[in-house]
1. Can you tell me which residues in the stretch 170-197 are in contact (Cβ under 8 Å) with a residue 12 or more places away in the chain and of a type in the set (D, E, K, R)?
2. Among the candidates Ala95, Ala49, single out the residue that is over 19 Å from Met125 (Cβ atoms) and within 13 Å of ligand 2 (Cβ to nearest atom).
3. Give me the residue from the stretch 65-82 that is touching a helix residue (DSSP H, G or I) at 6+ places or on another chain (Cβ under 7 Å) and aliphatic (A, V, I, L, M) and, out of that set, nearest to Asp116 (Cα to Cα).
4. I'm checking my understanding of the structure. Among residues of the stretch 46-64 that are acidic (Asp, Glu) and within 16 Å of His117 (Cα to Cα), which one is farthest from ligand 1 (Cβ to nearest atom)?
5. Going through His42, His80 one at a time, which residue ends up being of a type outside the set (Lys, Arg) and within 14 Å of ligand 1 (Cβ to nearest atom)?
6. Kindly indicate whether Ala31 is part of a helix (DSSP H, G or I), surrounded by fewer than 17 Cβ atoms within 10 Å (Cβ to Cβ) and more than 15 Å from ligand 1 (Cβ to nearest atom).
7. List the helices (runs of 4 or more DSSP H) that sit entirely inside the stretch 113-167 and contain at least 2 residues that are within 30 Å of Val182 (Cβ to Cβ) and among the aromatic types (Phe, Trp, Tyr).
8. Exactly one condition in (1) within 16 Å of ligand 1 (Cβ to nearest atom); (2) in contact with a Pro (Cβ under 8 Å, 6 or more places away or on another chain); (3) of a type in the set (A, V, I, L, M) is false for Ala135; which is it?
Amino acid sequence: MPDLVAFLAFHAGLRRDFGRLADALAACDPADAPRRALIDEHLALLLRALHHHHVIEDEEIWPLLRTLAPGAGDVMDRLHAEHREMDAVVGRLSAVGRSTGEQVDDLRLMHRLVGDHLDLEEHGMVPLIREHVAADWWEGASRRATSGYGRDLPMVAAWTVDAAGPDQRERLVAATPVILRVLYRLSWRRAYECRAAQVFG
Ligand SMILES: [Fe+2]
Ligand SMILES: [Fe+2]
C-alpha cells in the first residue's frame with residue numbers, strides 16, 4: 001500500500017496557511033514594508049507549491065486512477081475543474097497592484113476553496129489511491145514531485161514537516177532520503193522556523 005504521509009501532510013499545510021496568511025496580512029501595519037514583503041514571499045512560495053501539486057495530480061495521479069478506478073471519473077472531473085477554479089484565484093493573488101483588502105478577501109476565498117477541495121480529494125480519492133496504486137509507483141511519483149520543487153525544496157519540505165501532525169512527523173522524516181534528512185536537520189528547519197516566525201509572528 002502506498003505511504004501517503006507526505007501527500008496528506010502537504011494538504012494539512014494548505015488547509016492551514018491560506019487562512020492564517022489572510023489574518024497576518026489583515027493585521028500587517030501598512031508602514032511595515034519588510035514584513036509585508038515576507039508575507040508576499042511566503043504567499044508566492046505557497047502558490048508555486050500548490051500549482052506543482054495540482055500538476056502532479058492532473059498529469060500523473062488522476063490519469064492513472066482513471067484506468068485503475070474508472071468508476072471515480074466524475075469525482076476526478078470535479079477535482080480537475082476545482083483546480084481550474086483555484087487557478088483563477090491564484091492568478092489574481094499573483095497580480096501586482098492589488099489592494100490589501102482584495103488580497104485578504106481572495107486569501108479567505110482560497111482557504112474555503114482549498115478546504116472543500118481537499119475534503120473531496122481525501123474522502124473520494126485517497127481510499128482509492130490506497131486500494132489501487134502500487135507502492136513503488138507512488139514512491140516514484142513522490143520523488144518526481146520532490147525534485148520538481150527545485151529551489152523551493154528546502155522551504156516546502158520544512159513547511160510540510162511542520163504541517164504534519166506529531167504522530168505523522170516522525171514517519172515523514174523517516175521516509176525522507178538520508179541526504180534531505182541531514183539538510184533538514186542542519187539548516188532547512190531553522191530557515192523555515194525563522195520565516196514562519198517573521199510572517200506569522
Ligand atoms: Fe491534493
Ligand atoms: Fe487537488
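Only the coordinates and a few stated rules stand behind these numbers; no lab work does. This is a predicted model, so every value here is computed, not measured. Neighbour counts run over all protein chains shown; Cβ positions are idealised from the backbone, glycine included.
1. Matches in the stretch 170-197: Arg171, Arg189, Glu193, Arg195.
2. That would be Ala49, the only listed residue that is over 19 Å from Met125 (Cβ atoms) and within 13 Å of ligand 2 (Cβ to nearest atom).
3. Leu79
4. Once the filter is applied, the top-ranked residue is Asp58.
5. His80
6. It is false that Ala31 is part of a helix (DSSP H, G or I), surrounded by fewer than 17 Cβ atoms within 10 Å (Cβ to Cβ) and more than 15 Å from ligand 1 (Cβ to nearest atom).
7. Those helices (runs of 4 or more DSSP H) span 135-148.
8. Here Ala135 clears every test but (1).
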